[in-house]
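Read through the structure below, which is laid out as structure tokens, and then see the notes.
The values are calculated or read from the model by the stated rules, or taken from the named source; none is laboratory data. Not measured: the values here are computed from a predicted model. Don't worry about glycine lacking a Cβ; one is built from the backbone with ideal geometry, like all the others, and counts go over all protein chains shown.
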Amino acid sequence: MTHQPQAPSRPLAAPLGLLAELTHRCALGCPYCSNPLELEARSRELGTDEWRRVFSEAARLGVLQIHLSGGEPALRRDILDLVRHCSAEGLYTNLITSGVGYKPELIRGLADAGLDHVQLSVQDIEPGEADRIAGYRGAFAVKREIARQVIEAGLPLTINAVVHRANVDRAPDLVRMALEWGAQRVEIAHTQYYGWALTNRTLLLPPRDAALRAIAAVEALKAELQDLIAVDHVLPDYHADYPKACMGGWGRRILNVTPAGKVLPCHASEGIPGLTFWNVSEHGLAEIWQDNPAFNAYRGTGWMQEPCLSCSRREIDFGGCRCQAMMMTGDPAATDPVCKLSPHHARVAQALAEEQPAPDKNEYVYRRLTVSNSPKRTPG
Ligand code: SF4
Ligand code: FES
């Protein structure tokens with residue numbers, strides 16, 4: 001099914017945040033990484049001046065927050081320069097980091113350069129298992145030290161933990177660990193099945209009862225610890241009745257710039273055929289936000305089909321996730337099959353029923369930069 005992209009009703013609100021994927025390079029190999037399977041090589045990354053221009057344009061467009069991401073953004077040699085520039089532009093700057101592959105002392109330099117916040121990923125509470133999931137021996141210990149440096153530098157810390165079959169029973173322990181490490185916020189995010197997570201879905205999907213137990217335990221902690229730590233809980237899509245408003249709605253709140261400068265409405269949107277994504281080397285950021293047909297393709301509600309079109313939730317969840325609709329139905333304009341009202345909803349139950357792994361099978365396909373779909377490095 002096809003539809004014509006519609007021009008937005010103007011004026012268009014400014015995006016709230018820009019996710020800058022500075023590089024796809026990363027020391028870890030997480031099997032649920034949301035980066036695309038075809039990662040961009042270092043030689044294709046935007047240079048320092050190009051990123052500085054992008055950040056200046058973002059500030060003029062009205063963007064308030066820059067999320068420096070990757071891959072591992074701190075592997076960029078110009079990271080201090082880029083943070084300094086964002087700070088000079090008055091942008092709130094958040095480093096989304098694995099904590100691995102650079103000297104922990106860099107955190108102090110980043111704080112001095114004007115960094116506002118650090119979001120650190122953690123794979124598990126148990127070091128050996130955390131290292132196995134990350135595909136990197138010693139990762140947990142390094143992360144612990146980075147957390148210490150962040151607190152010492154006086155920066156607010158968020159711990160991010162992706163939950164899946166291997167660690168689902170320890171989801172509440174991850175909240176307690178984040179508190180112990182001095183975090184102000186912890187994000188417990190059940191795996192979303194795009195990118196590498198889709199490749200590893202069989203091994204990552206937790207049994208329904210384990211997922212429900214984890215949800216109840218984390219929600220209870222959220223209430224119990226509300227005066228001590230903020231708990232953001234990203235619920236598992238496949239077990240929900242209604243989908244999430246993916247990206248806060250397509251082309252509504254967030255811009256995603258890839259290492260090579262392509263601007264996407266969401267990190268996985270390159271999987272949707274027929275969309276052309278403009279590059280910051282050829283177009284200004286404001287022009288892309290306003291006029292790139294890829295951004296206008298699923299903006300608002302005019303593109304929707306039934307049952308979304310006449311649904312009272314259409315401006316709450318915006319029909320769910322376009323990438324998931326594409327992956328599960330072949331039609332990016334379909335209602336997200338996670339929605340219980342979708343005519344394709346049975347496919348979710350089918351995926352849950354079919355994708356239970358043999359108990360002894362635990363060989364992830366680790367993410368890696370150079371060769372897709374082969375294990376990167378296993379600790380041990
Ligand atoms: Fe959301 Fe569409 Fe489902 Fe309504 S029918 S709840 S708008 S996904
Ligand atoms: Fe792309 Fe949801 S991941 S719209």
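Considering the stretch 299-344, and only residues there that are within 20 Å of residue 269 (Cα to Cα) and among the β-branched types (Val, Ile, Thr), the residue that is nearest to ligand 2 (Cβ to nearest atom) turns out to be 338. Does residue 232 count as out of contact with any Phe, Trp or Tyr (no Cβ under 9 Å at 6 or more places or on another chain), more than 30 Å from residue 181 (Cβ to Cβ) and not in a helix (DSSP H, G or I)? Taking the combined requirement at face value, the residue does not satisfy it. If the condition is being within 12 Å of ligand 2 (Cβ to nearest atom), of a type in the set (A, V, I, L, M, F, W, C) and over 15 Å from residue 332 (Cα atoms), then the stretch 249-263 contributes only 254. Residue 180 - would you say it is free of Cβ contacts under 8 Å to residues at least 12 places away in the same chain and among the acidic types (Asp, Glu)? For residue 180, the condition - free of Cβ contacts under 8 Å to residues at least 12 places away in the same chain and among the acidic types (Asp, Glu) - is met.
For residue 238, the stated conditions do not hold, so it cannot be described as within 16 Å of ligand 1 (Cβ to nearest atom), within 30 Å of residue 352 (Cα to Cα), surrounded by fewer than 18 Cβ atoms within 10 Å (Cβ to Cβ) and among the aromatic types (Phe, Trp, Tyr). Selection within the stretch 123-143: residues that are in a loop (DSSP other than H, G, I, E, B) and among the small types (Gly, Ala, Ser). The member of this set that is nearest to residue 196 (Cα to Cα) is 135.
Filtered by the rule that a residue be under 25 Å from residue 322 (Cβ atoms), away from ligand 2 (no atom under 16 Å from the Cβ) and among the basic types (Lys, Arg), the stretch 183-226 gives no residues.
Take the conditions in contact with a strand residue (DSSP E or B) (Cβ under 6 Å, 6 or more places away or on another chain) and under 18 Å from residue 196 (Cα atoms) and apply them to residue 175. Does it pass? No: the conditions fail for residue 175.
Would you tally the residues in the stretch 285-295 being assigned to a helix (DSSP H, G or I) and over 13 Å from residue 254 (Cα atoms)? Counting residues in the stretch 285-295 that are assigned to a helix (DSSP H, G or I) and over 13 Å from residue 254 (Cα atoms) gives 4.
Can you tell me how many residues within the stretch 98-124 are touching a strand residue (DSSP E or B) at 6+ places or on another chain (Cβ under 6 Å), closer than 25 Å to residue 30 by Cα and either surrounded by fewer than 17 Cβ atoms within 10 Å (Cβ to Cβ) or not aliphatic (A, V, I, L, M) (or both)? Counting residues in the stretch 98-124 that are touching a strand residue (DSSP E or B) at 6+ places or on another chain (Cβ under 6 Å), closer than 25 Å to residue 30 by Cα and either surrounded by fewer than 17 Cβ atoms within 10 Å (Cβ to Cβ) or not aliphatic (A, V, I, L, M) (or both) gives 5. All of 20, 14, 27, 74 fail the test of being more than 18 Å from the chain's Cα centre (by Cα) and among the small types (Gly, Ala, Ser), apart from 14.
Residue check: is residue 162 outside any helix (DSSP H, G or I), buried (at least 24 other Cβ atoms within 10 Å of the Cβ) and among the hydrophobic types (A, V, I, L, M, F, W, C)? When the stated conditions are applied, residue 162 passes them. Assess whether residue 286 counts as being over 15 Å from the mean Cα position of the chain (by Cα), small (Gly, Ala, Ser), at pLDDT 95 or above and buried (at least 19 other Cβ atoms within 10 Å of the Cβ). It is false that residue 286 is over 15 Å from the mean Cα position of the chain (by Cα), small (Gly, Ala, Ser), at pLDDT 95 or above and buried (at least 19 other Cβ atoms within 10 Å of the Cβ). Residue-level check: of (1) out of contact with any His (no Cβ under 7 Å at 6 or more places or on another chain); (2) assigned to a loop (DSSP other than H, G, I, E, B); (3) over 22 Å from residue 209 (Cβ atoms), residue 155 misses just (1).
Residues that are without any contact (Cβ under 8 Å) to a residue 60 or more places away in the chain, touching a Leu at 6+ places or on another chain (Cβ under 9 Å) and in a helix (DSSP H, G or I) within the stretch 300-357 comprise just one, 308.
Quick grid of which residues meet (1) surrounded by fewer than 20 Cβ atoms within 10 Å (Cβ to Cβ); (2) under 22 Å from residue 151 (Cβ atoms):
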| site | (1), (2) |
| --- | --- |
| 53 | yes, no |
| 63 | no, no |
| 74 | no, yes |
| 130 | no, yes |
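In this structure, does residue 200 turn out to be crowded, with 20+ Cβ neighbours inside 10 Å, in contact with a strand residue (DSSP E or B) (Cβ under 7 Å, 6 or more places away or on another chain), closer than 24 Å to residue 329 by Cβ and touching a residue at least 12 places away in the same chain (Cβ under 8 Å)? Judged against the criteria, residue 200 is not a match. The set of residues in the stretch 264-274 being within 9 Å of ligand 2 (Cβ to nearest atom) and without any contact (Cβ under 8 Å) to a residue 60 or more places away in the chain consists of 264, 265, 266, 269.
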